[in-house]
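Read the structure below first, then the notes.
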Amino acid sequence: MKDFIANIQTAIIGTLDKNNHPFSSYAPYIYDANRFYVYISDIATHAKNIQVNPKASLFFVEDESKTENLFARKRVSLQCDSQKIARVDERFESVLALFAKKFDAKMVATLKKMTDFNLYEFKVNYGEATFGFGKAYFIGGKNMDELVDRTGDNPHHGVK
């Protein structure tokens with residue numbers, strides 16, 4: 001899973017609004033210490049949604065131009081709990097430093113000055129990965145970052 005997502009710079013974020021209507025958007029992300037992080041504006045619908053309902057999904061999918069078969073694009077879908085990381089939290093500075101290293105440092109510095117932007121952390125509860133026909137897995141393991149052979153129903157669907 002880590003190798004696959006390492007080649008993707010943005011995550012598609014699935015959230016639910018206050019009426020439980022689904023909404024999808026995207027944001028650049030950082031993966032660090034078994035957590036995903038996005039830095040997004042409170043004006044954005046997905047930020048408003050996760051402030052109301054911290055349950056969210058992150059979706060990573062192979063670029064259409066690089067896939068061998070559009071019916072079997074490689075993909076990882078992760079079900080997560082999210083939380084806002086306060087600017088005074090030491091993780092805020094360390095994760096923003098990772099954003100600056102991975103992406104345009106000047107852009108990150110500019111966004112950091114915008115107080116409507118906040119850092120959100122996503123902890124994976126369960127997930128699924130598909131890497132082609134007959135290559136479907138659950139995401140599991142101690143850190144929820146290992147591929148587990150898919151046999152029957154997802155054992156994590158009962159996780160709250």
- prompt: List the GluC sites (Glu not before Pro) in the stretch 15-79 that DSSP assigns to loop (not H, G, I, E or B) and whose Cβ has at most 16 other Cβ atoms within 10 Å. Which are they?
  reply: GLU68
- prompt: How much length, in nm to one decimal, is gained on full extension between SER24 and ALA105, taken as 0.36 nm per residue of separation minus their Cα-Cα distance?
  reply: 26.5 nm
query: trypsin sites (Lys or Arg not before Pro) within the stretch 1-68: which are DSSP loop residues with at most 10 other Cβ atoms inside 10 Å?
result: LYS18
message: Tell me the label only: which of [x] 16.1, 48; [y] 14.6, 44; [z] 16.7, 54 is Rg and Dmax of the Cα atoms in Å as calculated from this structure?
response: [x]
message: Once you keep just the Cα pairs under 8 angstrom separated by 6 or more residues, what percentage relative contact order results for the chain?
response: 22
- request: Can you grab the distance from the C-alpha centre of the stretch 121-145 to the C-alpha centre of the stretch 1-46, Å, no decimals?
  value: 16
- line: Per the rule of 0.36 nm per residue minus the C-alpha distance, extending LYS123 to ASN143 adds in nm 6.2 nm
- prompt: Once every DSSP H run of n ≥ 4 in the chain is given -39500 (n - 2.57) and the sum is divided by its residues, what mean residue ellipticity at 222 nm do you get, rounded to the nearest 500 deg cm²/dmol?
  reply: -6000 deg cm²/dmol
- prompt: Within the accessible area of the chain, what % is carbon and sulfur when the probe is 1.4 Å and the other protein chains stay in place?
  reply: 52
- request: For the stretch 5-22, just list the computed ³J(HN,Hα) in residue order, Karplus coefficients 6.51, -1.76 and 1.60, θ = phi - 60°, integers in Hz, with x standing in for Gly and Pro.
  value: 5, 4, 8, 10, 9, 10, 10, 7, 10, x, 9, 10, 7, 5, 9, 6, 8, x
message: Tell me the accessible surface of HIS21 in square angstrom (1.4 angstrom probe, heavy atoms of protein chains only), to the nearest ten.
response: 100
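The values are calculated or read from the model by the stated rules, or taken from the named source; none is laboratory data. Source: prediction; values computed, not measured. All Cβ positions, glycine included, derive from the backbone under ideal geometry; neighbour counts span all protein chains shown. Side chains included, ligands, DNA and RNA excluded: accessible areas come from the protein's heavy atoms. Shrake-Rupley method; radii C 1.70, N 1.55, O 1.52, S 1.80 Å.
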